[in-house]
Amino acid sequence: MSLVGALLFGQSGGPSSVINASACGVFETASNIECITAVYGASHGIKGILNEQLYDISKEDSQEIALLRNTPSSALGSVRYKLKNYQQDSTDYEKILQVFTKYNIRYFLYNGGNDSMDTCNKISKFLAERNYACQIIGVPKTIDNDLFGTDHCPGYGSAAKYIATTCMEIALDAKVYGSGTATVIEIMGRNAGWLTAASYVASSVGLGPDLIYLPERAFDVEKFLIDCEKVYAQKGNVIVAISEGIKDKDGVYITEYATKNASKDSFNHVQLGGVGNYLGALLKVRLNAKTRPIEFSLMQRCAAHIASKTDVDEAYGAGKEAVISAIEGKTDIMIGIKRLNKEGYSTKFIDIPLVDVANYEKKMPDAYICGDNYVSPAFLDYVLPLIEGQNPVLYINGVPRFANLKKILVKK
């Protein structure tokens, strides 16, 4: 028998162009299920729960909820907050239990990446020890595509499509004067090169990087300069795609070469960014050429105007599946995607234990990497289905119409 109580949904970590499609799937599905007595959204994820700031989703217009499907970023607000182990400090967990009890929350769905799944797993274990019945489901989200157990992650396909398309446009622009330019494109990806590898889609049609450097391979600055010299001497131009997370043979991020005292986030991760500028400056001296460092930065994760239809549909489906799994009695799992070995592209949703996902990064397999500065053609079979389709977007006065939620706080 399904639990009777409220459902709480939160968003965490870096946003994407389709994270709100998952929210749409959760909200539209949960609103029609009898055992779910109320649907709440946490303001800024776990932080909103700890501060007892919950939005009443029933107060939102259904048209605005539907528009979430095509709205980028995190509509409820996101957060990067690391819960300590409750055996060491249970303060946050006691507050979470207090809030869950007060609002009779029996279903908790959390939308995020590796660290968010770790949060889900910790809360699930604590509530189980306290005998508080609550179904906890992780909804996958990360443009980095590095979650364990799932063929791919919602958010990745659209980011990959943006990267491939933008690299094609840059390639056309970079060669407009014939010769004499070096372009360094910095793409997100801390320890996994899935995003940077997407630039190979552009290269496969002759409009992309000549060299592609992934964090799965040790990076040598001098060899990089030699690689670029060879291409430049041959073509008169060189275009390079660099993952922000490239590291040397000793595991030191190249971005730390430029900033010896690199800052860290709340999860003790080195703050990345700027490696393109650093390498571009070196390249300018070595080649004596006009050099353009380009950092995609936030654009690659919020480009809903070019979102993949496949990605949007799967993100929505993952949210819907999470609700269904919860009321069926499943808990302590993340919704994953399995690619089926059939003609064409088809998938199904699967259950992945949260403990298997938490704090584990899925990196690019060797089969998709060619040498230390390129991507294998085998990668195309994997990535092309994920960037398929154009997602219809409502435009008003020439610009997209995004969701505008009222965000009315629950009062008890």
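Observations
- Probe 1.4 Å - accessible area at S346, Å² to nearest ten: 40 Å²
- Degrees between helix 114-129 axis and first principal axis of the chain (Cα, 0 to 90, nearest 10): 20 degrees
- Within segment 292-412: Cβ-based charge dipole about Cα centre, in debye rounded to nearest 20 (Lys, Arg +1; Asp, Glu -1): 800 debye
- Proportion of all alpha-carbon pairs of segment 241-386 beyond 24 Å (%): 56 percent
- Greater than 30 Å apart at Cα, pairs in K122/K363; K122/K342; K122/K411: K122/K342
- For a straight C-alpha distance cut-off of 14 angstrom, the aspartates and glutamates reachable from K249 (same-chain residues fewer than eight places away being disregarded) are E216, D220, E222, D372.
- Straight-line cross-link reach from K290 at under 25 Å between alpha-carbon atoms covers these lysines, not counting any fewer than eight positions away in the same chain: K175, K223, K230, K235.
- At R0 = 30 Å, FRET efficiency that the Cβ-Cβ distance of S204 and K338 yields, to 0.05: 0.70
- Set K47/K406; K125/K247; K59/K125; K59/K320; K125/K362 screened for pairs whose C-alpha atoms are more than 30 Å apart: K125/K247; K59/K125
- When the solvent-accessible area of segment 185-245 is split by element, carbon and sulfur atoms take up 52 percent of it, the probe being 1.4 Å.
- Solvent exposure of the chain as accessible area per residue, Å², 1.4 Å probe: 42 Å²
- Probe 1.4 Å, all protein chains present, accessible-area order of V139, V399, largest first: V399, V139
- Given their separation in residues at 0.36 nm each and the Cα-Cα distance between them, H305 and I396 gain 31.4 nm when the chain is fully extended.
- Option label - Cα extents along the principal axes in Å computed here, alternatives [x] 69, 49, 42; [y] 78, 55, 46; [z] 70, 60, 45: [x]
- Applying 1/(1 + (r/R0)^6) with R0 = 30 Å to the Cβ-Cβ distance of T259 and E169 gives a FRET efficiency near 0.50.
- CD proxy at 222 nm, helix term only [per DSSP H run n ≥ 4: -39500 (n - 2.57); per residue of the chain; nearest 500]: -10000 deg cm²/dmol
The values are calculated or read from the model by the stated rules, or taken from the named source; none is laboratory data. Here the structure is a predicted model, which means the values were calculated and not measured. Positions of Cβ are generated from backbone atoms using ideal geometry, with glycine treated the same way; all protein chains shown enter the neighbour counts. Side chains are part of the model used for accessible areas, which takes the heavy atoms of the whole protein and leaves out ligands, DNA and RNA. Shrake-Rupley method; radii C 1.70, N 1.55, O 1.52, S 1.80 Å.
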